[in-house]
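The values are calculated or read from the model by the stated rules, or taken from the named source; none is laboratory data. Worth saying up front: this structure is predicted, and the values here are computed from it rather than measured. Cβ coordinates were reconstructed from backbone atoms using ideal geometry, including for glycine residues, and neighbour counts include every protein chain displayed. For the accessible areas, the whole protein counts, side chains as well, though only heavy atoms, and no ligand, DNA or RNA atoms are used. Shrake-Rupley method; radii C 1.70, N 1.55, O 1.52, S 1.80 Å.
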Amino acid sequence: MSSISFSEPEESKACQGVDAVSGASALRRDGQVKGSNQYVAELPARDAGADLFRLETVEQYPREHEALTKFAKGEAERNARPELKALPDLPAYDTVFIGYPVWWYGMPMALHAMFDKLDFSGKRIAPFTVHGGSHLGGTDDEIRRLEPSAKVLKGLAISRSDVADEDIPQ
Ligand SMILES: Cc1cc2nc3c(=O)[nH]c(=O)nc-3n(C[C@H](O)[C@H](O)[C@H](O)COP(=O)(O)O)c2cc1C
C-alpha cells in the first residue's frame with residue numbers, strides 16, 4: 001500500500017468569509033509545518049503501514065497565497081505538465097491512496113504530470129482531497145478517465161475546516 005500526496009502549505013493563515021479559492025492551508029503537526037493533504041496522507045501510513053510518497057515539482061511553488069493562486073491558474077490555463085522531482089515506485093503496490101488539494105476546481109497540474117507518466121492498470125486507487133469548498137470537484141471521475149484500467153474507489157472529500165491546526169494526542 002502506498003500513500004501519495006501533493007500538498008503545498010501556504011504561509012498565511014486561512015481567512016473566513018471568502019470565496020472557495022481563498023484561504024491558506026498550512027498546519028502545525030508533529031512540530032512541523034505541513035500541508036493539509038500531506039497530513040491526511042500520513043494517516044494510512046501511520047495506521048495501516050502504507051509507504052509515503054510526496055509528489056514534488058522541480059520548480060518550487062510560491063508559498064504566499066495570492067502568488068500561488070496566480071501561478072496555479074496559469075498552469076491550469078496552459079494545461080501545463082510541471083516537471084516532477086521523482087515518481088513513486090508503483091509496481092510494488094496494489095492499492096494507492098492519492099491525495100491532493102482542489103486547485104481552480106480541478107486537480108493540480110502536477111497530478112496530471114504524474115498520471116501521464118505512470119500506468120496504474122490493475123491498481124486500486126483511493127483518491128482523497130482536503131478542499132476549500134469544492135469537495136472532489138469531479139477529480140475522482142477525472143482520474144477514472146485518465147486511468148481506465150485502474151479500479152478507482154469512491155473519493156473521500158474532507159473540508160479544510162475539519163483538519164484542525166493543532167497536534168492531536170497519539
Ligand atoms: C491555487 C489554489 C487554488 C484553489 N482552488 C480551490 C478550488 O477551486 N476549490 C476549493 O475547494 N479549494 C480551492 N483551494 C483551497 C485548497 O484546496 C485547500 O486550501 C487545500 O486544503 C490545500 O491543501 P494543501 O494544504 O494540502 O496544499 C485552492 C487553493 C489554492 C492554493
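Numbers for the structure displayed
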{"quantity": "Conditions (1) surrounded by 13 or more Cβ atoms within 10 Å (Cβ to Cβ); (2) in contact (Cβ under 8 Å) with a residue 40 or more places away in the chain; (3) more than 8 Å from the ligand (Cβ to nearest atom): number failed by residue 75", "calculated": "(2)"}
{"quantity": "Filter pass, residue 138 being over 12 Å from the mean Cα position of the chain (by Cα) and either open to solvent by less than 50 Å² (accessible area, probe 1.4 Å) or at positive phi (or both)", "calculated": "yes"}
{"quantity": "Positions within the stretch 133-155 being within 24 Å of residue 45 (Cβ to Cβ) and of a type in the set (Gly, Ala, Ser), in sequence order", "calculated": "150, 155"}
{"quantity": "Filter result (of a type outside the set (D, E, K, R), farther than 14 Å from residue 108 by Cβ and open to solvent by 20 Å² or more (accessible area, probe 1.4 Å)) within the stretch 118-135", "calculated": "118, 121, 122, 133, 135"}
{"quantity": "Top-ranked residue of the stretch 149-170 - restricted to ones that are outside any helix (DSSP H, G or I) and of a type in the set (D, E, K, R), ranked as modelled with the lowest pLDDT", "calculated": "167"}
{"quantity": "The stretch 83-105 - residue that is of a type outside the set (A, V, I, L, M, F, W, C) and farther than 21 Å from residue 26 by Cβ and, of those, surrounded by the fewest Cβ atoms within 10 Å (Cβ to Cβ)", "calculated": "91"}
{"quantity": "Residue, farthest from the ligand (Cβ to nearest atom), within the stretch 133-148, restricted to residues that are out of contact with any strand residue (DSSP E or B) (no Cβ under 8 Å at 6 or more places or on another chain) and not in a helix (DSSP H, G or I)", "calculated": "148"}
{"quantity": "Among the residues listed as 12, 22, the single one being open to solvent by 30 Å² or more (accessible area, probe 1.4 Å), at pLDDT below 95, out of contact with any Lys or Arg (no Cβ under 8 Å at 6 or more places or on another chain) and not aromatic (Phe, Trp, Tyr)", "calculated": "12"}
{"quantity": "Among the residues listed as 68, 52, the single one being open to solvent by 70 Å² or more (accessible area, probe 1.4 Å) and touching a residue at least 24 places away in the same chain (Cβ under 8 Å)", "calculated": "52"}
{"quantity": "Scope the stretch 91-112; condition among the hydrophobic types (A, V, I, L, M, F, W, C) and within 16 Å of the ligand (Cβ to nearest atom); matching residues", "calculated": "97, 98, 102, 103, 104, 107, 109, 110, 111"}
